[in-house]
Structures are given as C-alpha cells and as structure tokens.
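Presented below is the structure to which this report refers.
The values are calculated or read from the model by the stated rules, or taken from the named source; none is laboratory data. All of these numbers come straight from a predicted model, not from anything done at the bench. Don't worry about glycine lacking a Cβ; one is built from the backbone with ideal geometry, like all the others, and counts go over all protein chains shown. In case anyone asks, the SASA skips ligands and DNA or RNA and just uses the protein heavy atoms, side chains included. Shrake-Rupley method; radii C 1.70, N 1.55, O 1.52, S 1.80 Å.
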Amino acid sequence: MSTKNPRQDEAGPALRRPGRLTRVLDGIERVGNRIPDPFILFLLLFALVAVASSVMSALGATYEVPGGDEGVQRIQNFFTADGLTWLTTNLVANFIGFPPLGVVLTVLLGVGLAQRTGLLNALVRRAFGRSPRWLLPYVVALVAVAASIMSDAAMVVVPPLAALVFKAAGRHPVAGLLGGFAVATAAFSCSPFITSTDALLSGITVTASEAVGVGTTVTPVSNHYLTFTIAILLSVTGGLLIDRVLEPSLVRGRVSREQVRTEGEPTGDDRPDMRMDPVLTPVEIRGMRWAGLALLVTVAAVLLVTLPAGAPLRNEDGGFLPTSPLLSSVVFLVFLVLAVPAVAYGLVTRTITTGADVARMMGHTVREMSNFIVLAFVMAQFLQLFNWTGISTWIAIKGAEGLEATGFTGFGAIVCFIVLAFLINLFVISGSAQWALFAAVFVPMFALLGYEPGFVQAAFRIGDSTSNVLSPLSPYVVIILGFLRAYEPKAGIGTVIARALPFSLAFLVLWTCVLALFYFAGVPVGPGMDARI
C-alpha cells in the first residue's frame, strides 16, 4: 500500500514547504513593498523633520560646530513665521540650486545622444565580436563594468548580447546572460569613465556637506582613482567567477543551452541603441571610425587649453589641484567627449540627418528622466530643510561624540557604514534616494570625525552597488528573469539572486579591501580627495 498523501500527489509541489532561501526572499519582498514610493517617502521625511524641529526647539536643543565661529546654535522651528517665510521664498531656489539636477541632466544629454545614435551599443557589440572563446568571460565582465556609462540601460543591453556571443562561441549562453547581468548590476557604481552616477552622488554630497562646511568640495571625479582601479579588478574577478563558478554550475545542473520559448523576447531592431546582433554592419564600422577621429580631435583641443604653461584650465599656481578650472569643467568635458563622437557617428550611420534629430534624441533622454526631476524637487526641499533647521548638524555632532566616546572612529566605523548601506539597499532600490538619506546624516557626522565627504561617498558606493543584484524589489531582476526563463521556464527570482550571490559577496569584500588599501596607504580616492580632512 502506498504511504503517499493523495492530496500531495494531486497538488504536487504546491503543498510543499518553501525552502529557507525562498522564505527569506519573500520576507524581504514583503518588507520592501511596505516602503513608500521615494516621492512620498521624502514628503513624509520633510514633515517629520518639520515636526521634529518644533519639538526640539521647544526643548531648547542646541549644538556647536567644533572649530566653528558661530558659537552655540539653537534648532530652528519650521512652524514659525521665519520657517514659513524660508519655505515660500526659497522653494524655487532650493529646487533649481539642487546640485545633482543640472549636473545629472547635462551629463545625461550627452549619454542619451551617444546611446540613441547607437554609438554605445556599437561599442559594446564590437568588444564582444572580436573576443576569443577563452577570453569571453573577462570581456563580458569588463564591458559590463564599463557599460555603466549607459546608466540603467547597461543592465538590459549587455546580458542578452553576452548570451548571444557565448552561444556563438560554443559556451553556455546563460553564463553570459547571468554573468553580464551580475557584473553590470553589482559593479554599477564603478567605471573607468566618468558617468552620470558620479555627477548625481557628488551633487548630493555637496549639499549634505554644507551642514558643517568642512572638507574638500566634491566633484564628479572625486572618487575616480578608486573607481578606475576597482573597475579593472572587478572585471578580472567577474570574469573569473563567470568562467570558474557560474558556467560550471550551469553545466552540472544541466541547464538548457537552447531557448525553449522566444515569444516576447525584446530585440530592439527598430532602435539602433538596442540591437542585439554581435556583428556590426559596414556602415556601423565606418561610423565608429569617424567617431574615434572626432574623439581624438576633441581630446586634442582640450589638451591644447590644458597642458601649456598659463593655459586657461590651470589654476593661478599653474597646477590642477586642489581646485582649478579643469576640475570645475568636468561636467562640460564629459558632455563634450560623449556628444561630439555621437554626432559624428550619427551623421555617418544616418541616425542623425538634421539638427532636429539631435534635439529629439536629447528630448527623449530628458523625458526618460522626468521621474528623477520630480523626485529631485522634493529631495531638494527635504535636504535644505534638514540643513536650515540645524537638525542634520545636531545629529552629526551627537553621533560623532557618541562614536568618539566608544572609540569606534577608525576604519572599522567605515566598514560598518558600508555594511549598513549594503543591507538598506535591499529595500531602497533608488541609489539617489538612499544616498540623499544617508548623506544628510553620515557626511556631516564623519566629517566631524575627520573624514572627507568624498571618501564617505566612496564608502557608500561599495555597499549600495554590490547589493543591487540581490534585491528582489529591483525591476531589473524581474527583467533578467524574463530572459532566463527562455532557457529555464521554472526559474524564479531566487534563481537569479542565488546565482548572482557569489558576485555580490566577492565584489563587496574586494572593493572594501581596496578602499582599506587606499585608506592606510594614504592614497587619495580621487583628484585632491584624501580620506582624512
């Protein structure tokens, strides 16, 4: 006689108890779904700070910035004539003066032009198409890291392209798909290039550091020595994990190398920036040559006004650090080296036929950023209120005093900060929203402990970036799951996260170790940006 439960036979796996990983992921998803939309979140935080300012003012809360000239300061009450006047007279100024707004939009105009003409896509496909079979995992990892210049599009464009070239080379396509996604996502905040992420984070850091007014001004290149170094190391590590960990596990698990269904798979053939064919057409190759020539001319022109003695982009002392017109022109230069080659490429490939096409492509980019513009409006009001009331400075001073009292002010505190950012990022998937929250508190706090705002920003990027791939709330995890199900129809979010976990943890440890090396060796993380003030 059979001892099986007939009900279990009928329902199958549906009645089985979910695995531990599934239960943990379900719990994370439930908690994350209760977090309000970032716009509503910052409205609530604005209201919370306003109420807190009233309570703290009534209780007589005060603070004094160490080494400052202002003396003892009281918390300012928002619910007073001064508070309401501050808001009504500064609402527009808070928004327009929000540093990330202009910087990010300017950089993205160049990125959008290079992407919409198809130049960035062609560069990615070119890199894949010329790679030998054994080198493919490392090329995929390098391209995935560098592709962060395409912003979020990297997480959609790189994985399916990697799957195609892996399959064409006789390797497992799912290794290319998941490996490309894991590296592009977990290493999103590091790049050998200056990206819109650099511009966005630095703008928020500048606003947060105004609370204490100490430290070197943060620019989009303030973390570039670190991000360039780690971009190379993560490319090698990512390739190694694809080659030695991910692909062998897929072979052992007998994951299909063939797609079992293709309906609904996006190919993007109607858009040059979404093409998936790894082989470039003759006109695309010709366009890349002209784009390269345009880039050389642009770089030569910049060097002409930079290198000679007394050049306009040097500072009064004839150098570049700690400040100079060159560093202040970073946003302009990034825009220039993106836009000029993109226009040259577009003219050759005929994706640009009139001046109106340039404006149209830039307009598409701005429209895609409309949600960020709306979010920037409320973020700017929250951050400015946080600074105006003095609560951010009060928290920073009290927090710094508490850390000093425990003696926990060394690099260990930075490591704890990285882990905190790693965990919170599982729930707050918007990097800009999370950094706006963190920067308002931790930048002034660590500044009072003697850490440069740019160094604190670099530490945040580690935790925020490496856990991106583990968040079940990320829309890109869902998107890549759709691609994966073409090979594994029964795959779930847990499948994606479990296979990406080695990348996340390895990147977290390696990136933190590199930051420690910079810290203890006294190497700046970017031009003029040391660890300590």
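Tabulated results
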quantity	calculated
Cβ pairs under 9 Å, 6+ apart, first in segment 187-211 and closer than 19 Å to Asn468 by Cα, second open to solvent by less than 10 Å² (accessible area, probe 1.4 Å) and acidic (Asp, Glu)	Ser189/Asp198; Ser191/Asp198
Looking only at segment 506-533, and only at residues there that are free of Cβ contacts under 8 Å to residues at least 24 places away in the same chain and in a helix (DSSP H, G or I), the one that is nearest to Leu423 (Cα to Cα)	Val509
Matching entry among Ala344, Ala396, Ala376, Ala339 (being in a helix (DSSP H, G or I), open to solvent by less than 50 Å² (accessible area, probe 1.4 Å), among the aliphatic types (A, V, I, L, M) and closer than 22 Å to Met56 by Cα)	Ala396
Odd one out for Tyr487 among (1) without any contact (Cβ under 8 Å) to a residue 24 or more places away in the chain; (2) part of a loop (DSSP other than H, G, I, E, B)	(1)
Matching option when the condition is open to solvent by 10 Å² or more (accessible area, probe 1.4 Å) and under 21 Å from Met529 (Cβ atoms), among Thr195, Thr216	Thr216
Qualifying residue in segment 126-134 (condition: modelled with pLDDT of 85 or more and either in contact with a Ser or Thr (Cβ under 8 Å, 6 or more places away or on another chain) or small (Gly, Ala, Ser) (or both))	no
Which listed residue, of Gly390, Gly402, Gly318, is within 28 Å of Tyr63 (Cβ to Cβ), among the small types (Gly, Ala, Ser) and open to solvent by 20 Å² or more (accessible area, probe 1.4 Å)	Gly402
Residue match in segment 435-454 (condition: hydroxyl-bearing (Ser, Thr, Tyr) and at pLDDT below 80)	no
Arg461, sole failed condition from (1) under 15 Å from the mean Cα position of the chain (by Cα); (2) among the basic types (Lys, Arg); (3) over 25 Å from Phe520 (Cβ atoms)	(3)
Matching entry among Leu226, Leu178, Leu233 (being closer than 19 Å to Leu505 by Cα and either part of a loop (DSSP other than H, G, I, E, B) or open to solvent by 30 Å² or more (accessible area, probe 1.4 Å) (or both))	Leu233
Qualifying residue in segment 440-461 (condition: surrounded by fewer than 19 Cβ atoms within 10 Å (Cβ to Cβ), of a type outside the set (Phe, Trp, Tyr) and in a helix (DSSP H, G or I))	yes
